[in-house]
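Student: The structure's right below; bear with me while I get my questions together.
The values are calculated or read from the model by the stated rules, or taken from the named source; none is laboratory data. Every value quoted in this text rests on a predicted model; they were computed, and no experiment measured them. Quick reminder, even Gly has a Cβ in these numbers, built from the backbone with ideal geometry, and neighbours come from all protein chains shown. Accessible surface is based on the protein model in full, side chains and every heavy atom, while ligands, DNA and RNA are left aside. Shrake-Rupley method; radii C 1.70, N 1.55, O 1.52, S 1.80 Å.
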Amino acid sequence: SVAFAQAEQLVDRIDNDYWKGLLYYLFGSIYEESCDYFRAEKYYSEASNCYHKAQKVFHELYALYRVGESKLDMNEFRTADSIFLNTGERALSVGDSSLYYSCYIGRVSCYIYLEEPDSVSELLNLNVIQEEPLNSFYYVELMAMYYGMIEKYETTDFYLKQAWNCNLSQKDSIYLFYVCSLIEEKKGDLKESLECFRKYVSLQNNSLRRDLAQPIAWAQRDYYRTLSELEAIKARNRVTMLVAS
C-alpha cells in the first residue's frame, strides 16, 4: 500500500509511457474491485492513452475494453456498446480473437440490459460463437436473460441450469441469484422473484461483512499517502544535510 501511494505521487515524473500505463491500469483494477466504476474508467482511459503513446497496441485495446466494462457497470449502455464495437473491430484486425469474443459478449450484454431483443438476435446471428460454450458462465447467464426477455422460458430454464453447473466464483453465485430474480419477475412469479432477491441481498451482505472484517488497505489510503510523503521529506532532508556538510 505504501508503494502504491508513492507510485501515484511519482507517476508524473515517469518518462516511460509503458510503465505509466501499467500503473494506471493497476489503479483501474483496484477501483473496479472497489466498485468505484467512475474512477476505474478514468484510470483505464489514462492507461489506454499511455499505451497508445508507447505503441503497445494489445495493451491499449485491453485497457479500452476495461473502459467499456466500466461504462457497462455505470449503466451507460450505448457508450459501452460503441466502445465494445470499435475495440472488437480493432482486436479482429490484429488477430486477437479472444478479445474480439469478449467485446462481442459485452455488446450482447448492453442490448439485453437495454431490453432490445431484436438487436440481441441480430448479434447472435453473426455466428461469432461456433460452438455454444455451455461451461462459460457469462455466456449462459446472458442467454438465460435473453430467452427470458423473449418469453421462451423452457430455454431460459435450460441456460439457468447450465449457469448453476459452471465453476462459479463467490461473486458469480451472488450475481446469479439476481439474474434469477429478474427472470422470475418476468415470468410473473413475484414470490419466487422476491425470494431470489432476498438471497442475493443476504449473500451480498455476508460477503461485504467478510471483506470488511479484513484489513482493507484502501480504507487506510490517506494514512499511507501521508506516511510516504514523510519518507520523501526525510529523504530530501538527508540529501540537503549531505550537501550542506
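Student: Using beta carbons and a limit of 8 Å, which pairs, at least six apart or on different chains, have the first residue in the range 159-173 and over 28 Å from S34 (Cα atoms) and among the hydroxyl-bearing types (S, T, Y) and the second one modelled with pLDDT of 85 or more and open to solvent by 40 Å² or more (accessible area, probe 1.4 Å)?
Tutor: Y159/Y147
Student: Here is a follow-up. What's the number of the condition R39 fails, among (1) of a type outside the set (D, E); (2) open to solvent by less than 60 Å² (accessible area, probe 1.4 Å); (3) free of Cβ contacts under 8 Å to residues at least 24 places away in the same chain?
Tutor: (2)
Student: Still on this structure, please answer the following. Return the residues of the range 44-73 that are hydroxyl-bearing (S, T, Y) and farther than 27 Å from I112 by Cβ; say none if nothing qualifies.
Tutor: Across the range 44-73, the qualifying residue is only Y51.
Student: Same structure again: Condition check: open to solvent by less than 20 Å² (accessible area, probe 1.4 Å), over 28 Å from I183 (Cβ atoms) and of a type outside the set (A, V, I, L, M). Does S48 satisfy that?
Tutor: Taking the combined requirement at face value, the residue satisfies it.
Student: Regarding the range 201-217, can at least one residue be identified that is of a type in the set (A, V, I, L, M, F, W, C), at pLDDT 85 or above and under 23 Å from S136 (Cβ atoms)?
Tutor: No, because not a single residue in the range 201-217 is of a type in the set (A, V, I, L, M, F, W, C), at pLDDT 85 or above and under 23 Å from S136 (Cβ atoms).
Student: Next question. I need the full set of residues from the range 113-122 which are open to solvent by 10 Å² or more (accessible area, probe 1.4 Å) and either touching a helix residue (DSSP H, G or I) at 6+ places or on another chain (Cβ under 8 Å) or not in a helix (DSSP H, G or I) (or both), in order please.
Tutor: Selection gives Y113, L114, E115, E116, P117, S119.
Student: Of everything in the range 58-72, what is open to solvent by 60 Å² or more (accessible area, probe 1.4 Å) and over 19 Å from E8 (Cβ atoms)? Give them in sequence order.
Tutor: F58, H59, Y62
Student: Also: Identify, by number, the condition in (1) closer than 21 Å to A80 by Cα; (2) part of a helix (DSSP H, G or I); (3) open to solvent by 50 Å² or more (accessible area, probe 1.4 Å) that L126 doesn't meet.
Tutor: All conditions pass for L126, except number (2).
Student: Do any helices (runs of 4 or more DSSP H) entirely within the range 17-75 hold 1 or more residues that are of a type in the set (F, W, Y) and within 18 Å of A7 (Cβ to Cβ), and if so, which?
Tutor: Per the criteria, 17-33, 37-53.
Student: Checking the conditions here, which among G95, G106 is closer than 22 Å to Y65 by Cα, in a loop (DSSP other than H, G, I, E, B) and out of contact with any Asp or Glu (no Cβ under 6 Å at 6 or more places or on another chain)?
Tutor: Going through G95, G106 in turn, just one is closer than 22 Å to Y65 by Cα, in a loop (DSSP other than H, G, I, E, B) and out of contact with any Asp or Glu (no Cβ under 6 Å at 6 or more places or on another chain): G95.
Student: Still on this model: What pairs come out if I take residues in the range 74-91 that are over 16 Å from L126 (Cα atoms) and pair them with residues that are among the β-branched types (V, I, T) and modelled with pLDDT of 95 or more whose C-beta lies under 6 Å away, six or more apart or interchain?
Tutor: I83/V67
Student: Using the structure shown, decide if S45 is touching a residue at least 60 places away in the same chain (Cβ under 8 Å) and under 15 Å from the mean Cα position of the chain (by Cα).
Tutor: no
Student: Does the range 93-101 include one or more residues that are open to solvent by 10 Å² or more (accessible area, probe 1.4 Å) and closer than 21 Å to C35 by Cα?
Tutor: Within the range 93-101, none of the residues are open to solvent by 10 Å² or more (accessible area, probe 1.4 Å) and closer than 21 Å to C35 by Cα.
Student: Does the range 1-44 hold any residues that are modelled with pLDDT of 80 or more and of a type in the set (G, A, S), and which are they?
Tutor: Those that are modelled with pLDDT of 80 or more and of a type in the set (G, A, S): G21, G28, S29, A40.
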